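A quick write-up on the structure given underneath.
The values are calculated or read from the model by the stated rules, or taken from the named source; none is laboratory data. Just so it is clear, the structure is predicted and the values come from calculations on it, not from any experiment. Reconstructed Cβ throughout: ideal geometry from the backbone, glycine too, with neighbour counts over all protein chains shown. Note: areas computed on protein heavy atoms with side chains; ligands, DNA, RNA excluded. Shrake-Rupley method; radii C 1.70, N 1.55, O 1.52, S 1.80 Å.
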Amino acid sequence: MSSGETILRLEKLTKHFPVTRGIIFQREIATLKAVDDVSFEIKAGQTLGLVGESGCGKSTLARCIVRLLDPTSGRIEFEGEDISRLSGKALRSVRRDLVMIFQDPMSSLNPRMRVSEIIGEPLEVYRAGTSATRRARVMELLELVGLNSEHFNRFPHEFSGGQRQRIGIARALALSPKLIVCDEPVSALDVSVQAQIINLLEDLQAEFGLTYLFIAHDLDIVRRVSDEVHVMYLGRVVERGTDEDLYEAPHHPYSAALLSARPVPDPDRAQNRTHIVLEGDVPSPLDLPSGCRFRTRCPRAQPVCSEVEPELDGPAGIHEWACHYPLETWPLASPEDIRRPGSAVGVTEVGP
């Protein structure tokens, strides 16, 4: 597939988990709405960043895309083929090109397997080449991710966190995939190691034309690696756009709150910038608020927000947001500015 063509498309993807009571005679008493009506597409060779606080459905969405979880409804198209209901051999065929890098490299690597077995397992499963060519491929992958031949027969516990993540990346690359879902691949690592892994992922993308869905909490890392950024809240995408549009001019109050919480290395800028402190706790996905899901914590909420759930609006394909009273100006002069729906602020000096 050539660069710029759509490699992955989601249409109203939904994943609900039934909550049951009883041991023998179980009955459903509630539904946990982890992912609800999510639609987007990723172009070949690009990176889509997905951000949001813990519990918003990012990892569940990732697992639905690679079909570790079956979606409740909706459509997943990979290279133009609907894979949302595939199983057996048909699904195995797709998984050669659609793989995942997990958050915790220690729990995602079998502690009883040597590195050569871990990296070579996809080659064994798909019977790729002979024993000699598979061994050569494993050695090649080790070198590709910054490890060397002396690591060939070691076990995962003998490596640092960053090295274990490199092993996970090597395993993901074994069958030369086209799309890699990176589920917070650096959140469990030290800051200095994070930079090394990010550099490695960028180098691999440039060399092999890979496409990434990159999930993370760190907004600065997401901005660095992503061509487009989506913000999730309670199972839905509330704002999306290019990294420049979303970071320089957020329109959804939740996006603005996330950006205002970013650490700033410059003490003067950190002291002068406006902080948006959200009140209350995140509602339970078992009992979502009516209308807008963010209204219980939103300082701009009005009566219509409890009655009508906003849809994504704005320049289609460029910058869209799901809010009845979006922010008109960013940065804000003071926290009070976010509380005035429909009012322009006109501030240019204070920034995040």
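For the reader, a short list of remarks on this structure follows.
- For the pair SER187 and GLU117 in one chain, pulling the backbone fully straight at 0.36 nm per residue adds 22.6 nm over the alpha carbon distance.
- Dimensions of the stretch 235-296 based on its C-alpha atoms, expressed as ranges along the principal axes with the largest first, amount to 42, 27, 14 Å.
- Cα convex hull of the stretch 215-336, projected area averaged across orientations, nm²: 8.0
- For the stretch 16-115, the list of trypsin sites (Lys or Arg not before Pro) that fall in a loop by DSSP and count at most 12 other C-beta atoms within 10 angstrom reads ARG85, ARG112.
- Relative contact order of the stretch 1-101, taken over Cα pairs closer than 8 Å and 6 or more residues apart, is 32 percent.
- FRET E, pair GLU244, ILE29, Förster distance 45 Å, beta-carbon r, rounded to 0.05: 0.50
- Listed peptides 296-307, 277-288 by packing density, highest first (mean Cβ within 10 Å): 296-307, 277-288
- Descending semi-axes in whole angstrom, ellipsoid equivalent of the stretch 65-141, from the Cα gyration tensor: 27, 17, 10
- Per residue accessible area of the stretch 221-330, 1.4 Å probe, in Å²: 47
- Each listed q (0.13, 0.23 Å⁻¹) maps to a log10 I(q)/I(0) for the stretch 120-230, found by the Debye formula over equal Cα scatterers with no solvent: -0.51, -1.39.
- Based on alpha carbons, the Rg and Dmax found for the stretch 177-220 are 10.6, 28 Å.
- The chain, relative contact order [Cα under 8 Å, separation at least 6], %: 17
- About its Cα centre, the stretch 17-113 has a charge dipole of approximately 440 debye under the convention of +1 per Lys or Arg Cβ and -1 per Asp or Glu Cβ, with nothing else charged.
- Only Lys, Arg (+1) and Asp, Glu (-1) charged, at Cβ; the chain dipole about Cα centre in debye: 1520
- On the beta carbon distance between THR133 and LEU68, with R0 = 25 Å, the FRET formula returns roughly 0.30.
- The stretch 181-285: relative contact order as a whole-number percent, Cα under 8 Å and 6+ apart: 18
- Rg over Rh, two decimals, the stretch 17-87 (C-alpha only, Kirkwood Rh): 1.05
- Pairwise FRET efficiency - SER149 versus SER39, Cβ, R0 = 45 Å, nearest 0.05: 0.50
- The fraction of accessible area contributed by carbon and sulfur in the stretch 124-219 is 48 percent, rounded to a whole number (1.4 Å probe; ligands and nucleic acids excluded).
- Of (i) 1.07; (ii) 0.98; (iii) 0.94, the label for Cα Rg over 2.2 N^0.38 Å derived from the coordinates: (i)
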